1. Please verify whether region 21-41 includes one or more residues that are in contact with a helix residue (DSSP H, G or I) (Cβ under 9 Å, 6 or more places away or on another chain), in contact (Cβ under 8 Å) with a residue 24 or more places away in the chain, more than 26 Å from residue 133 (Cβ to Cβ) and not in a helix (DSSP H, G or I).
2. For the condition within 19 Å of the chain's Cα centre (by Cα), farther than 21 Å from residue 325 by Cα and either modelled with pLDDT under 85 or in a helix (DSSP H, G or I) (or both), what is the one hit in 144, 152?
3. Can residue 347 be described as part of a helix (DSSP H, G or I), closer than 30 Å to residue 120 by Cβ and in contact with a helix residue (DSSP H, G or I) (Cβ under 9 Å, 6 or more places away or on another chain)?
4. With the structure loaded, tell me whether residue 83 is farther than 30 Å from residue 162 by Cα and either part of a helix (DSSP H, G or I) or modelled with pLDDT under 90 (or both) or whether it fails that test.
5. I'm trying to understand the selection: among the residues of region 350-393, which are at pLDDT below 90, in contact with a helix residue (DSSP H, G or I) (Cβ under 6 Å, 6 or more places away or on another chain) and under 21 Å from residue 280 (Cβ atoms)?
6. Only one of (1) touching a helix residue (DSSP H, G or I) at 6+ places or on another chain (Cβ under 7 Å); (2) at pLDDT below 90 is not met by residue 110, so which one is it?
7. For region 247-258, enumerate the residues that are part of a helix (DSSP H, G or I) and in contact with a helix residue (DSSP H, G or I) (Cβ under 7 Å, 6 or more places away or on another chain).
8. Residues to consider are 192, 234; find the one that is on the phi < 0 side of the Ramachandran plot, modelled with pLDDT under 95 and either buried (at least 17 other Cβ atoms within 10 Å of the Cβ) or in the same structural domain as residue 313 (by TED's automatic domain parsing) (or both).
């Protein structure tokens, strides 16, 4: 590889990390929630609904992002995504107090689709530039997304304290315009035939065939990866939602709660970078197995843990969740090629959507303790699914 090409791809990676960092401002939504309650006169549960809808629609946006990449230039797809992201926040700012329901459409719908489109473009772009370092490139971009809430929370808090609901939403919409211009200018796909002579060695084997989604639908590994997405979600999402309240009966003090949440955020970011980077060396199969073993162990310990051990369980689940999330783009690119990985990856996110919604509903129906037991069983199922994946060095069509 020439030095120019090497330099170009690292520049794209850096720019992609910046885009993901800014894109993650939406994960500070909990800071906006009290102001939404005050502006619209709704309770806490209602104020969280736009974000819940956003998470669900985000998966749909991912699919649109993958499909659009097959029909038009990458930059045009980014423009569509960023325009929808801007519109979602700006129109939410304009809503009168009696139209809270419209926020389901503006924030949940428009922003959810736009965010999913941009996410899919950037995540699926990195394996194309780094066929030899898929795990590192994907993990680094998702690590920046993971740390976004920590970086931007102080800024968002200042905006809300100084300007309130409407102006703060407008400020975020302007930030998305700025990063949209930056991302559209800097993000680009590699030239046709880029690193086409690269042959994967060691723990990971990459296919030479570039599958379409319709072709991938006939390959069993597509459903295995979708199942892994489902299995990776419940344990972490369940505990992250009730870490403080559930810990009240497990000796969790206010100081421990603050420390626990802060370290958990770092663990998730670390997992998003460390585990997929390791997967470039030991293989995706081994990386997923490690992650699910950590998840299963964390849930098992959670049943008896108190105090510091309870915090450690949260950190374990955060690490494994982050690691799993960052391994899906590399394994999809390995198995199905990089050309249509955006569309194929969006299909596997069905597992993410079902796991997210299912975990939340399960906790409401059976209670948190039983839900955690179920999540542990799901993690064990993930281990079983991992061992059905092709082994090290096995040739793929």
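1. Yes: one or more hits.
2. On inspection, the qualifying residue turns out to be 152.
3. Taking the combined requirement at face value, the residue satisfies it.
4. no
5. Across region 350-393, the qualifying residue is only 389.
6. Among (1) touching a helix residue (DSSP H, G or I) at 6+ places or on another chain (Cβ under 7 Å); (2) at pLDDT below 90, residue 110 violates only (2).
7. The answer is 247, 250, 256, 257.
8. Result: 234 is the single residue among 192, 234 that is on the phi < 0 side of the Ramachandran plot, modelled with pLDDT under 95 and either buried (at least 17 other Cβ atoms within 10 Å of the Cβ) or in the same structural domain as residue 313 (by TED's automatic domain parsing) (or both).
The values are calculated or read from the model by the stated rules, or taken from the named source; none is laboratory data. Given the structure is predicted, the values throughout are model-derived calculations rather than measurements. Cβ sites come from the backbone with ideal geometry, for glycine too, and all protein chains shown count toward neighbours.
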